[in-house]
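The values are calculated or read from the model by the stated rules, or taken from the named source; none is laboratory data. What you see is a predicted model; the values in this text were computed from it and never measured. Cβ atoms come from the backbone with ideal geometry, glycine included; neighbour counts cover every protein chain shown.
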Amino acid sequence: MEGYKVKLKLQNWILGVSCAILACFCVLGFLAEMGVVELTPISGDSHWKSQWRGGISGASFGLFVLMLIGLIRNLMAMKDEKKLKKQYIKENDERKIQIQTAAQAASCRTFLILGLVAAIVVGYFHMIISLVILSCVFAQSFLTLIYKLYYSKKF
């Protein structure tokens, strides 16, 4: 259980730093929307710039809330031994891990197939977007290959 506590301490530190950074992005997006600071994309009209700032602020705030909930959950678990044990069992449940692994493998395959289809279809309308999608598919394939090599040597 001590090893799990050390893991949670590191996780709490990472979550705390991430929350601070995301809070800065939220504040910057809000201040930019109010006109206090200049934070705009390189191109686009005023509607697009406002939408971009709102999207960045919203995404930052959403991630901030999720990370804050995780941080609070970890801090509460570290104070109570029963909660800590329950959280440890929940995170290390073998059945849940197998289901998660199978779901991730299936979603990866689906993403690759749909990404290739999307790259082909979008290629008729906009070549740059098609190349971006193709690059994402290539990156996903490359990462899958790297992880397969890593885990084949590890296990």
In contact with an Asp or Glu (Cβ under 8 Å, 6 or more places away or on another chain) and not hydrophobic (A, V, I, L, M, F, W, C): is that true of Arg73 in this structure?
no
Just one listed residue, out of Ala102, Ala119, Ala77, is in the same structural domain as Cys26 (by TED's automatic domain parsing) and either surrounded by 15 or more Cβ atoms within 10 Å (Cβ to Cβ) or modelled with pLDDT of 90 or more (or both), and it is Ala77
Please name all residue pairs, on different chains or six or more residues apart, with Cβ atoms under 8 Å, provided the first residue is in segment 45-70 and is farther than 20 Å from Met34 by Cβ and the second residue is of a type in the set (S, T, N, Q).
Leu63/Ser18; Met67/Ser18; Gly70/Gln11
Report yes if Val37 is surrounded by 11 or more Cβ atoms within 10 Å (Cβ to Cβ), in a loop (DSSP other than H, G, I, E, B) and of a type in the set (A, V, I, L, M, F, W, C), otherwise no.
yes
Verdict on Leu134 being of a type in the set (A, V, I, L, M) and either surrounded by 12 or more Cβ atoms within 10 Å (Cβ to Cβ) or in contact with a Gly (Cβ under 6 Å, 6 or more places away or on another chain) (or both):
yes
Could you tell me how many of the residues in segment 72-125 are of a type in the set (A, V, I, L, M, F, W, C) and in contact (Cβ under 8 Å) with a residue 24 or more places away in the chain?
7
Quick test for you: out of Ser60, Ser18, Ser46, Ser50, pick the one residue that is assigned by TED's automatic domain parsing to the domain that holds Leu84, of a type in the set (Ser, Thr, Tyr) and exposed (fewer than 14 other Cβ atoms within 10 Å of the Cβ).
Ser46
Does Ile97 satisfy being loosely packed, with under 11 Cβ neighbours inside 10 Å and modelled with pLDDT under 95?
no
Candidate set from segment 73-125 (those that are among the aromatic types (Phe, Trp, Tyr) and more than 19 Å from the chain's Cα centre (by Cα)); member that is nearest to Tyr4 (Cα to Cα)
Tyr88
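Looking at this structure, is Val65 of a type outside the set (Ser, Thr, Tyr), under 19 Å from the mean Cα position of the chain (by Cα) and over 30 Å from Phe138 (Cα atoms)?
Yes: the conditions hold for Val65.
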